[in-house]
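Structure first, then comments.
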Amino acid sequence: MKKLSLKKMDWYLFSILILAAFLYGWGIWDAGSANSYYTAAITSMVQSWHNFWYGAFDPAGFITVDKPPVALWFMAISAKIFGVHGWSIVLPSVLAGIGSVALLYKLITPKFGPWAGRLTALVMTLTPTVVANSRTNNMDAILVFFLLLAVYTLTRAVAKKRFWLVLIAFSLIGISFNIKMLQAFMILPTMLVFYWVAIKLPWKKKVLWLLAAMASLGIFTVAYPASVDSVSTSSRPYIGSSQTNSLMELAFGYNGTQRLLGQTSGTGGTFAGMGKSSKKTGGNGGPGGTKPTGTKSTTKNTTTGTTGPNTGNTPPGGTTGTKGTAPTGQAPTGSKTGSPTGTKPSGSKNGAPIGTKPSGKMGNPGKGGKGGMAGGGNSAFAIGSAGPFRLFQSDLGSQIGWFLPFAVLGIGAGWWAFRKKGGKWYSISDEQSDVLLWAGWFVPVYGFFSVASFFHPYYTIMLAPAIAALTSIGAVAVAKMVKEGSLKKGLIAKSLLAITIVGTTALQAYYAWSYYPVAGIIIILLGLAVATLWFFNKVVATKLKIALSIIVVSLLSGFWALTPTLSHTAAAIPNANPSLLSSKGSSDMGGSVDSALLSYTEKHQGSAKYLFATTDSNSASGYIIKSKKAVMAIGGYNGTDPTMTLAQFKKLVKSGQLRYFVIGNTKASTGDISKILTWVKKNGTKVSYSSSSSSSSSQSTGMQMGGMGGQSGNSTLYDLSSATS
């Protein structure tokens, strides 16, 4: 048995992994509820196997979250072991982020050398959206880890010609489908092409193995959805955000075509602000951003009438923001409100939401980008204008675009530098097959984000592995051309590298301009200086030029990546930018709790199954987290899910399972849900549960997303115990 040798350990990689652990894990004790929607589900899942299996949003198992539960399983296991705390629910994402960095190193090193692997690991570590995603309890960091694990397994299968590894690789894509559905299939085409091009087998065996791999993929993809859909609807929760109570319909509807077309589930409309970019305000503090939240304005969906993301709504029973507080009237997270126990108090000053001034007015994005949703900067749907250069625009680029020019260089230079010399034109080298793999990951995902209408900026973490890999491939390809080429070819290679360095620093300066214009000018000058050095062979050593190039192109990206760590942010809509530094703690779309409402309903719940019912999940999440009791989100996440008919609701009330209903913002409600709300208003009895309902009694674990919770001043508690039909 071989002993572990410290001399053989890659200490550069070890240092990068330590850096990743710091960036992703430092300050997660201030995570609060992170994304309270999923934290509520975790709170419910640890209470029973039934809730765990289905990913139930509430302890009663009435409805699920809007994704399959595989990623939540890891979070629930962590919470079961350590308790439901902010840090325990975020921990799996932290570990997944670190694991992704290590996997990328293992993927790049065999073909391109250890320095290429180290550079890939460093770029992945310093990509701002990777840091932001790895610090919250959304699914994306875990999804990327599983996708990289699938690709790594496939590369091992190709290298060793192992049939069982091919099966496992495609099985992992099926498992990834059950993390975030069709998003996992974005890399399936490149895996198929890589397998066919790279594995050295007789074509008949190659085909048979591929057919078996597709069968494995299919089994692991549909096994869980099929098992859930086959269960009687009376014996399982309603599938949240679906319109037919089907997990497969959820995959191809809300989590499928609607992501591309920009439709909201159940309405056919679009979310306000999606795919648009205002030039007046910087969504991330940069040009072309969208209007930050926390302003006095609201945007209504012309189709559904829902209030858009740029509102400052309060929770059910919540109160309006008073002078000196933000419109949400939120309290610091981690306090005696609705956040998980065991977390430190955190939050912004004076009760203002993250990224807004205490007065409740929007900060000046042109002077530091103070406004923002979910922890500063980008609003929930600030995704720029659709087109081939959308990823270069500040809304998305400030999260993922810092090394885009190098990724483009990697595709071209990597394919050229590692071609087979003397072979036939269609011969592909082992290195070129890897270039094909990463280009095949990059191009379709880039294309999707260029045209899609319904996604959050943090989804672009899907591009991070490909950008990191292609960046290092481009760097080593240029180095190879300089070393082996003639004077003319070497000059061309250096020119390509110089142009890429200047272009990268100019792009980074553009992202930083609204925050730090002086820093933008400095980084451009440094980029020009370093690019020039590459043309002086005998003046500066090559290793020094490489080191200086890496430092210059990593400076601003590294600083952006550091902002969630320094601010201890674990946001529901994760992003990274300097406006986070003016605040601290988690930032959420929901999770608000009115302590007076909670106290009253707990005291008078009696034998009722549910503490109360309300319109949507974000209005209910904080109460589930705080009380550990069942709160019915009758309309699911958007308040539009057709979970039951009016007749079924009346039966539920008559049986005594539900006594109270909280009505807040009803504009998003449609169909049967609207009929139920009308019936509640007509037949329920209004309850005055507190005579001192004010901003001090409205507690919050984060920022409310407009249109999801109760409208300020309109939330009303109804007692249905004496309701008549």
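The values are calculated or read from the model by the stated rules, or taken from the named source; none is laboratory data. Computed from a prediction, not measured in an experiment: that's the story for all the values here. Note: ideal-geometry Cβ built from the backbone for every residue, glycine included; neighbour counts use all protein chains shown. Ligands, DNA and RNA are excluded from the accessible area calculation, which covers all protein heavy atoms including side chains. Shrake-Rupley method; radii C 1.70, N 1.55, O 1.52, S 1.80 Å.
Structure notes:
- For the pair residue 77 and residue 529, label points projected 7 Å from Cα toward Cβ lie 5.0 nm apart.
- Nearby aspartates and glutamates by direct alpha-carbon distance to residue 682 (threshold 13 angstrom, same-chain neighbours under 8 apart not counted): 719
- Cleavage-rule hits, chymotrypsin sites (Phe, Trp or Tyr not before Pro), region 492-588, DSSP coil, Cβ neighbours within 10 Å at most 16: 535, 536
- Relative contact order [Cα under 8 Å, 6+ residues apart], region 25-105, whole percent: 30
- Using the 1.4 Å probe convention, the accessible area of region 374-514 works out to 34 Å² per residue with neighbouring protein chains retained.
- In this structure, the amide hydrogen of residue 429, modeled 1.01 Å from its nitrogen in the peptide plane, lies closer than 5 angstrom to those of 420, counting only residues at least 5 positions away or on a different chain.
- Under-5 Å amide H pairs with residue 238, H placed in peptide plane, nonlocal only: 63, 64
- Phi angles across region 81-90 convert, under the Karplus curve 6.51 cos²θ - 1.76 cosθ + 1.60 with θ = phi - 60°, into 3J(HN,Hα) values of 6, 9, x, 7, 10, x, 5, 6, 7, 8 Hz, Gly and Pro given as x.
- Percent carbon-and-sulfur accessible area, region 37-131, ignoring ligands, DNA and RNA, probe 1.4 Å: 74
- Within-11-Å neighbourhood charge of residue 67 [Cβ basis; K, R +1; D, E -1]: -1
- Paired Rg and Dmax values of region 394-506, which use every Cα atom, in angstrom: 15.4, 50
- For region 627-644 versus region 200-227, the inter-centroid distance based on Cα atoms is 38 Å.
- Apportionment of accessible area to carbon and sulfur, region 525-604, percent (1.4 Å): 71
- Summed side-chain charge close to residue 673 - residues other than residue 673 whose Cβ falls under 11 Å, Lys, Arg +1, Asp, Glu -1: -2
- Loop-resident sites, region 412-488, for chymotrypsin sites (Phe, Trp or Tyr not before Pro), counting at most 16 other Cβ within 10 Å (DSSP): 425, 426
- In units of the compact-protein estimate 2.2 N^0.38 Å, region 378-438 shows a Cα radius of gyration of 1.57.
- Local charge for residue 491 was computed over the other residues whose Cβ lies under 14 Å away, with Lys and Arg +1 and Asp and Glu -1, and equals +3.
- Here the relative contact order of region 544-678, from alpha carbon pairs under 8 Å that lie six or more residues apart, stands at 19 percent.
- Within region 1-97, the trypsin sites (Lys or Arg not before Pro) that combine a DSSP coil assignment with at most 15 other C-beta atoms in a 10 angstrom radius are 2, 3.
- Each peptide in 251-258, 83-90 gets a packing score, the mean of other Cβ atoms within 10 Å over its residues, and the list from highest to lowest is 83-90, 251-258.
- Under 5 Å, built H, 5+ apart or other chain: amide partners of residue 594: 699
- Accessible area per residue, Å², region 23-117 with all protein chains present, probe 1.4 Å: 28
- Region 76-163: C-alpha gyration tensor shape, a/c 1.5 cut-off, then a/b vs b/c: oblate
- Taking region 120-247 and dividing mean pair separation by its residue count, relative contact order in percent (alpha carbons under 8 Å, at least six apart): 22
- Euclidean distance between Cα centres, region 10-45 to region 543-559, Å: 26
- Binned Cα-Cα distance frequencies in region 573-663 - 10 Å width, integer %: 15, 42, 26, 11, 5, 0
- Entry comment: accessible area of region 557-628 is 22 Å² per residue, from protein heavy atoms only and a probe of 1.4 Å.
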